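Everything on this sheet refers to the single structure shown next.
The values are calculated or read from the model by the stated rules, or taken from the named source; none is laboratory data. Quick caveat: nothing in here was measured; it's all calculated off a predicted structure. So basically every Cβ, Gly included, is an ideal-geometry build from the backbone, and we count neighbours across all protein chains shown.
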Protein chains: 2
Amino acid sequence: MRAITNPYQCPVTRTMSIIGGKWKPIILNCIGEKSIRFGKLNQLIPAISNKVLSNELKELEELSLIEREEFKELPPRVEYRLTRSGKSLIPLLHELANWGNTNLAKKIEKTIQ
Amino acid sequence: MRAITNPYQCPVTRTMSIIGGKWKPIILNCIGEKSIRFGKLNQLIPAISNKVLSNELKELEELSLIEREEFKELPPRVEYRLTRSGKSLIPLLHELANWGNTNLAKKIEKTIQ
DNA sequence: AATACAAGTAACTTACAGGTAACCAGTTTT
DNA sequence: AAAACTGGTTACCTGTAAGTTACTTGTATT
């Protein structure tokens, strides 16, 4: 039982448990409209380790935000793309980004140092 | 130095560092258009301890999302309300909530269990 | 003289997201 | 026969958000 406090009373927390992680919004945004390979994602987001990337992709797949296609080739090839539900998140991510840009740019610089 | 990876390349992460916590969206939503006292907030959100509530309020104040007014009375009285910037977050929170309701309601039930 | 009230603070603990480094399989290239 | 390629897995470690419990302050009430 995960420690989420009453998801029925806080749908925001529920959504946050999806996109609130450090990497998920970045990954979703990187995939975008493309069909993209594991290695390519790893290149686009160099700061993520392949273990973490692998985990995140697995979780996103479980949540039906992305789908995974495995080609039976050698060396292996796997491609990821957004589902309809995943795509529906993109505009929301953009709004979050916008809000951050217009409301926080300066403030956060101080805070983060 | 906080471990936020390159906020200039991920404004979503930047916004998340504000509202991505467990309690901040709930608190903002509870304050809403009202001017509200510490104790009242604690009643509205019984699951939060006063230490954590106190921390969150302090952080929200530092980010200029809320403002704090202290009345020099006994027993003490302190009121919190949203700033302009804080109010601008509310519609965004609603969209997040909506997305969660329409896209995740059933899925998450399985996952949480 | 004890207790309640509001709005916290202090000290300590815990859970878990995220990080690191090494390793795997099966084929192709050097 | 060693190394490289891809898409991971395994085992282990760490930092920090969040939680718990007890305490404080100055008056008023019982």
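Worth pointing out:
- So A:Glu79, is it surrounded by fewer than 16 Cβ atoms within 10 Å (Cβ to Cβ) and modelled with pLDDT of 90 or more: no
- Sub-8 Å Cβ pairs linking a first residue in segment B:56-84 that is within 14 Å of chain A (Cβ to nearest Cβ) to a second residue that is outside any strand (DSSP E or B) and of a type in the set (Phe, Trp, Tyr), at least 6 apart or interchain, are B:Glu56/B:Trp23, ordered by first then second residue.
- Residues (more than 14 Å from chain B (Cβ to nearest Cβ) and away from DNA strand D (no atom under 12 Å from the Cβ)) located in segment A:32-55: A:Glu33, A:Lys34
- For B:Glu69, the requirement of being more than 16 Å from DNA strand D (Cβ to nearest atom), assigned to a strand (DSSP E or B), acidic (Asp, Glu) and more than 12 Å from the chain's Cα centre (by Cα) is met.
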